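Here's the structure, in structure tokens; my notes come after.
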Amino acid sequence: MSAETTFNLISVGFSALGLLNAADGFRRTFKSVAAPGDSFFKRVLATEAAMVERWRSGLTRAVRRAFRRPAPTITATLGTALSVEAAMSVRGLVQFGPLPDVTQEPAAFTAEVERRLNRVFQLAQDVQHDLRQEEQVRDKGDQQAASHLGTQISALDEQAKRDALEGLHEQVLGWFLIAVGLIAQIAALLAS
């Protein structure tokens with residue numbers, strides 16, 4: 001086997017290995033920062049299709065200008081947004097029996113009204129106390145959930161950074177191998 005053939009085989013091997021490493025690095029980097037379920041190859045193909053569409057529309061505009069044809073009119077529809085809000089309220093009902101007749105028993109009437117007002121006042125205070133306690137429990141639960149979520153987000157962020165860096169390292173290795181393949185190709189040309 002000649003030196004030229006050897007260098008060509010080395011060039012092809014390193015270039016192929018480099019391309020595979022770079023492609024896998026791109027895929028791993030994409031996977032570390034993409035939304036779950038987002039496909040690397042679908043995104044690449046969509047990007048390529050968008051680039052081809054931009055080139056096609058640019059070429060179409062250039063040809064239209066060269067032949068002095070007017071641009072077509074574009075008709076678009078506007079979307080609508082719907083927002084729904086809900087408010088919730090709680091209502092309680094306290095019922096008492098009939099009051100004594102004020103004209104026949106004024107002292108009993110006054111005592112019963114005072115007893116009922118005290119009962120309503122006590123109920124209102126109990127409700128306020130229960131609401132404050134519930135709010136404190138809810139706030140404590142919210143703080144614990146926020147702390148837990150913050151810890152999880154930090155851990156996931158660090159993992160995403162590590163995965164992205166591993167993908168970038170693999171890309172760099174791939175491009176380095178491609179460069180070695182190109183150097184081997186140049187060596188093959190010089191050997192011939």
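Side notes on the structure shown:
- Among the protein heavy atoms of the chain, carbon and sulfur supply 63% of the accessible surface, probe 1.4 Å, non-protein parts ignored.
- Distance (nanometres) between label positions extended 7 Å along Cα→Cβ at Arg64 and Ile183: 5.1
- These residues, Thr103, Thr151, Thr73, go from largest to smallest accessible area, 1.4 Å probe, as Thr73, Thr103, Thr151.
- Distance in nm between pseudo-label sites at Val12 and Ala49 (7 Å out along the Cβ direction from Cα): 3.4
- Formal net charge of residues neighbouring Arg119 (Cβ-Cβ distance under 14 Å; K, R +1; D, E -1): -1
- Whole-number accessible area per residue in Å² for the chain, which is evaluated in the context of all protein chains at 1.4 Å: 84
- Accessible heavy-atom area order of Trp55, Trp175, highest first, probe of 1.4 Å: Trp55, Trp175
- Here the 3J(HN,Hα) profile of region 122-137, calculated from phi with Karplus coefficients 6.51, -1.76 and 1.60 at θ = phi - 60°, is 5, 4, 4, 5, 5, 5, 4, 5, 4, 5, 4, 5, 5, 5, 5, 5 Hz, Gly and Pro shown as x.
- Karplus-derived HN-Hα couplings along region 167-181 (A = 6.51, B = -1.76, C = 1.60, θ = phi - 60°), whole Hz, x at Gly and Pro: x, 5, 4, 5, 5, 4, 4, x, 5, 5, 5, 5, 4, 4, x
- Karplus 3J(HN,Hα) series, Hz, for region 184-191 with 6.51 cos²θ - 1.76 cosθ + 1.60 (x for Gly, Pro): 5, 5, 5, 5, 5, 5, 6, 6
- Listed residues Gly97, Gly167, Gly25, most fluctuating in the chain (Gaussian network, C-alpha, under 10 Å): Gly97
- Calculated [222 nm] ellipticity per residue, helices only, for the chain: -28000 deg cm²/dmol; basis is -39500 (n - 2.57) per DSSP H run with n ≥ 4, divided by all residues, nearest 500.
- Computed from the C-beta positions of Val137 and Ala108 and an R0 of 35 Å, the FRET efficiency is 0.25 to the nearest 0.05.
- With Cα atoms defining each centre, region 9-66 and region 152-182 are spaced 17 Å apart in the structure.
- Radius 13 Å from Cβ of Leu99, net charge of other residues (Lys, Arg +1; Asp, Glu -1): -2
The values are calculated or read from the model by the stated rules, or taken from the named source; none is laboratory data. Predicted, not measured: the structure shown is a model, and the values here were computed from it. Backbone-built Cβ (ideal geometry, glycine too); neighbour counts: all protein chains shown. Ligands, DNA and RNA are stripped out before the accessible areas are found, and what is left, the full protein with its side chains, is counted by its heavy atoms. Shrake-Rupley method; radii C 1.70, N 1.55, O 1.52, S 1.80 Å.
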